[in-house]
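The values are calculated or read from the model by the stated rules, or taken from the named source; none is laboratory data. Since the model is a prediction, treat every value here as computed from it, not as a measurement. Ideal geometry is used to build each Cβ from the backbone, glycine not excepted, and the neighbour counts take in all protein chains shown. Surface areas here come from the heavy atoms of the whole protein model, side chains and all, with no ligands, DNA or RNA. Shrake-Rupley method; radii C 1.70, N 1.55, O 1.52, S 1.80 Å.
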Amino acid sequence: MNITIIGAGAVGLATTVTLAAAGHKVRLVDPAPASGATHHAGGMLAPAAEVVYQQDPLFPLMQAAGQWYPELLDLIAHHTQLPTGHRTDGTLVLAADRADAEHLRNVQDYQAAHGMTVERISTREARTMEPALTPRLAGAVSIPGDHQVFPRQLAAAMLDAARNLGVDIVREQAHSVAGFLKENGGDADRVVLANGLGAAQMSDEFSSALQLRPVYGDILRCAEPEPQQPLVRRVVRGFVEGRPIYIIPRSDGTIAVGATSREDGRQQPRAGEIYGLLRDGIRIVPGIEECDLVEASVGARPGTPDDLPYLGYAGEKIIVSTGYFRHGILLSSLAARVTRELIEGTPVSVDVSACAPERFAGRS
Ligand SMILES: Cc1cc2nc3c(=O)[nH]c(=O)nc-3n(C[C@H](O)[C@H](O)[C@H](O)COP(=O)(O)OP(=O)(O)OC[C@H]3O[C@@H](n4cnc5c(N)ncnc54)[C@H](O)[C@@H]3O)c2cc1C
């Protein structure tokens, strides 16, 4: 089939590579590929550690996405030499004080009740695994199954794979979806709308029913001084006086320290937020103090009212695939697989009925 995909973030790119490798003729439209949330993301593939209370409908999607990730990575590796930053060292989650330790225990019970593998370990064990951790810890768990990619590398690798698969990459902004379809003068049999927050701004009628809001996240990139490398090997997450923090090591000697969550519309890194990330990061891994601060940036997560993505048909030939909020790097494997199944008319491997794109139509 002839397929046009609008948006080349993690979701559009994974979908492009999957469909092109399956033999479809794909065109990918984006004025600035991988410039959205994907550029700023931490890249944790964390179906367990990212569990949030009352988001039960999300868990099966995140778990399926985690299981399908290796398949997506294999496919990418088959079509490019570029790295994705995929690492399987696992994740530690730490508590800074006694109240945080209580919270960690409650989260762990909740995770275990949902069948996730989370191991309580002593703080001494945590420090043996990661000697750079502070000795002042009140609790620790290990989540060996939560992995990571480096989203900027992943996106570059998928873009290269798409080129190698003969995808037509058009660096333009799309204004409507319908115009790409055959019956309206275009040449596509199907159009996939995968342009993150941009999906709600298309001129097509269905677009106005997509309630999307930017949830801003400040995130830092620090370079470890050579004698300290690697400061940590695993993803280190923590709760510090109730505030979440994460530290993600990259293979290039940098670490990401993130991320805030705010809906104030301000698009520059905010000084107070950066201060908070550094304070809490240093509390868990004191060696961060010695690092060079290379970058502070802000990304806008595409949030939906119920935190579930929009994934499904909006009309006969248009598939909407957006609203992946905090988990779009992880969920890109699911987005790509389900979109291929929807297009090819094969059974869909996971129940996405709760993700219907029109579910908020008519509600303000
Ligand atoms: C600080 C931060 C940390 C995060 N950490 C994680 C994490 O650890 N793990 C995880 O799974 N997720 C994480 N996320 C969430 C994740 O980044 C997003 O859910 C994901 O990137 C969404 O991908 P996307 O492809 O849908 O959208 P985007 O990455 O926003 O890409 C949208 C693309 O569409 C293009 N576009 C927009 N409008 C148009 C148009 N009209 N025509 C053509 N192209 C258009 C843009 O140029 C852009 O390239 C994080 C996000 C932030 C901000």
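Results, tabulated for the structure shown:
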{"read-out": "Residue in the stretch 41-59 that is assigned to a helix (DSSP H, G or I), crowded, with 18+ Cβ neighbours inside 10 Å, under 18 Å from the mean Cα position of the chain (by Cα) and more than 9 Å from the ligand (Cβ to nearest atom) present", "value": "yes"}
{"read-out": "Contacts under 6 angstrom Cβ, first residue in the stretch 205-221 being at pLDDT 95 or above, partner surrounded by fewer than 20 Cβ atoms within 10 Å (Cβ to Cβ) and of a type in the set (Asp, Glu), 6 or more apart", "value": "Val215/Glu263; Arg221/Glu295"}
{"read-out": "Single residue of the stretch 274-315 satisfying the filter (touching a strand residue (DSSP E or B) at 6+ places or on another chain (Cβ under 9 Å) and of a type in the set (Asp, Glu)) that is surrounded by the most Cβ atoms within 10 Å (Cβ to Cβ)", "value": "Asp280"}
{"read-out": "Failed criterion for Thr123 (all others in (1) without any contact (Cβ under 8 Å) to a residue 40 or more places away in the chain; (2) open to solvent by 50 Å² or more (accessible area, probe 1.4 Å) hold)", "value": "(2)"}
{"read-out": "Candidates Ala77, Ala37, Ala96, filtered to the one that is in contact with a strand residue (DSSP E or B) (Cβ under 9 Å, 6 or more places away or on another chain) and more than 14 Å from the ligand (Cβ to nearest atom)", "value": "Ala96"}
{"read-out": "Residue within the stretch 234-257 that is assigned to a helix (DSSP H, G or I), in the same structural domain as Pro131 (by TED's automatic domain parsing) and surrounded by fewer than 19 Cβ atoms within 10 Å (Cβ to Cβ) present", "value": "no"}
{"read-out": "Ala49 closer than 30 Å to Ile282 by Cα, modelled with pLDDT under 95 and not assigned by TED's automatic domain parsing to the domain that holds Val232", "value": "yes"}
{"read-out": "Selection count, the stretch 328-345, where residues are open to solvent by 10 Å² or more (accessible area, probe 1.4 Å) and near the ligand (Cβ under 9 Å from one of its atoms)", "value": "2"}
{"read-out": "Neighbours by Cβ (under 7 Å, 6+ apart or cross-chain): first from the stretch 334-348, outside any helix (DSSP H, G or I); second crowded, with 24+ Cβ neighbours inside 10 Å", "value": "Val348/Val338"}
{"read-out": "Scan of the stretch 196-233 for residues that are surrounded by fewer than 16 Cβ atoms within 10 Å (Cβ to Cβ) and among the small types (Gly, Ala, Ser), ordered by number", "value": "Ser203, Ser208"}
{"read-out": "Filter result (open to solvent by 50 Å² or more (accessible area, probe 1.4 Å) and under 18 Å from Met1 (Cα atoms)) within the stretch 164-195", "value": "Gly166, Asp168, Lys182, Glu183, Asn184, Gly185, Asp187"}
{"read-out": "Every residue from the stretch 196-222 that is of a type in the set (Phe, Trp, Tyr) and more than 10 Å from the ligand (Cβ to nearest atom)", "value": "Phe206"}
{"read-out": "Residue in the stretch 311-325 that is touching a residue at least 12 places away in the same chain (Cβ under 8 Å), assigned by TED's automatic domain parsing to the domain that holds His24, within 11 Å of the ligand (Cβ to nearest atom) and assigned to a helix (DSSP H, G or I) present", "value": "yes"}
{"read-out": "Of all residues making up the stretch 126-163, the number that are assigned to a helix (DSSP H, G or I), within 16 Å of the ligand (Cβ to nearest atom) and open to solvent by less than 60 Å² (accessible area, probe 1.4 Å)", "value": "11"}
